[in-house]
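Every number here is computed from the coordinates shown, using simple stated rules; none is lab data. As the structure is a computational prediction, the values presented were derived from the model and not from experiment. Here the Cβ positions follow ideal geometry from the backbone for every residue, glycine too, while neighbour counts run over all protein chains shown.
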Amino acid sequence: MRILIADDDPQILRALRITLAAKGYDVVTASDGPAAISAAVDHRPDLVMLDLGMPHLDGVQVIEAIRGWSAAPILVVSGRTGAADKVEALDAGADDYVTKPFAIDELLARIRALTRRVPREAEDPVVRFGDVTVDLAARTVLRERDERSESVRLTPTEWQVLELLIRNPGRLVTRQTLLSSIWGTSHVTDTGYLRLYMSQLRKKLEPHPGEPRFLLTEAGMGYRLQLPD
């Protein structure tokens, strides 16, 4: 089982990495908010453990970004003890909250409880729309042309955009979620990036790119992958 630990305190990161690895967990670490989002996208953890007071992007914003596409349980481990902080984190999508300093036995028990209670995400799906087949596990895109399957080459960034949309079929994925997940928080206003990559994806995947049927724009908000019934 893979756990992502996000905290700006290197001593806590080191201690938790050693402790959890000794218990058989596969541990990934991040020291700030943007790195936590990138690690969540790249490594698909089974559980996310994070602090609230991280630099560049605070823990609540990280929770909101991850919740845009993942149902993995999120455990907040923070020195903030106020009720308002706990409520804000839980409302943003966290599943549990532990205050620092903590007893390691209690933390391990919370981890076991969360991974028992929250179902793990399904295996990476194979999605079909129009004449396109996307296999997330194999990271392949095929398109039927003249009764033959041809491989479609996507750039790494095009793949990340498409994967986030596929993991939220039929649901709006906001521009902020896409930008922060792929480029980091310093680019949350750079909507031109998204327009460029969505245009390229439509040229490669839509039957008529100028009149998209599947990769839809929600004006002023974000994008949606509309799958056929």
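Tabulated values for the structure
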item	result
Full-extension gain in nm, Arg112 to Arg67, via 0.36 nm per residue minus C-alpha separation	14.2 nm
Charge dipole (the stretch 96-229, unit charges on Cβ, about Cα centre) - positive-most of Gly170, Gln200, Ala219	Ala219
Neighbourhood net charge (9 Å Cβ-Cβ; Lys/Arg +1, Asp/Glu -1) for Ser31	-4
Exposure proxy ranking, count of Cβ atoms within 10 Å, fewest first, for Leu13, Leu75	Leu13, Leu75
Footprinting exposure proxy for Tyr197, Tyr223 (fewest neighbouring C-beta atoms within 10 Å first)	Tyr197, Tyr223
Relative contact order %, the stretch 2-117, counting alpha carbon pairs below 8 Å whose residues are six or more apart	22
Residue order, fewest to most beta carbons within 10 Å, for Ile37, Ile104, Ile182, Ile12	Ile104, Ile12, Ile182, Ile37
Leu196 versus Asp135: modelled label distance in nm, points set 7 Å from Cα along the beta carbon direction	3.1
Filtered trypsin sites (Lys or Arg not before Pro), the stretch 36-111: DSSP coil and at most 14 other beta carbons within 10 Å	none
DSSP-loop trypsin sites (Lys or Arg not before Pro) across the stretch 129-202, with at most 14 other Cβ within 10 angstrom	Arg139, Arg153, Arg171
DSSP beta bridges in the chain [antiparallel fraction, %, rounded to 5]	55
Nitroxide proxy distance, nm - points 7 Å out along Cα→Cβ at Trp159 and Arg145	2.0
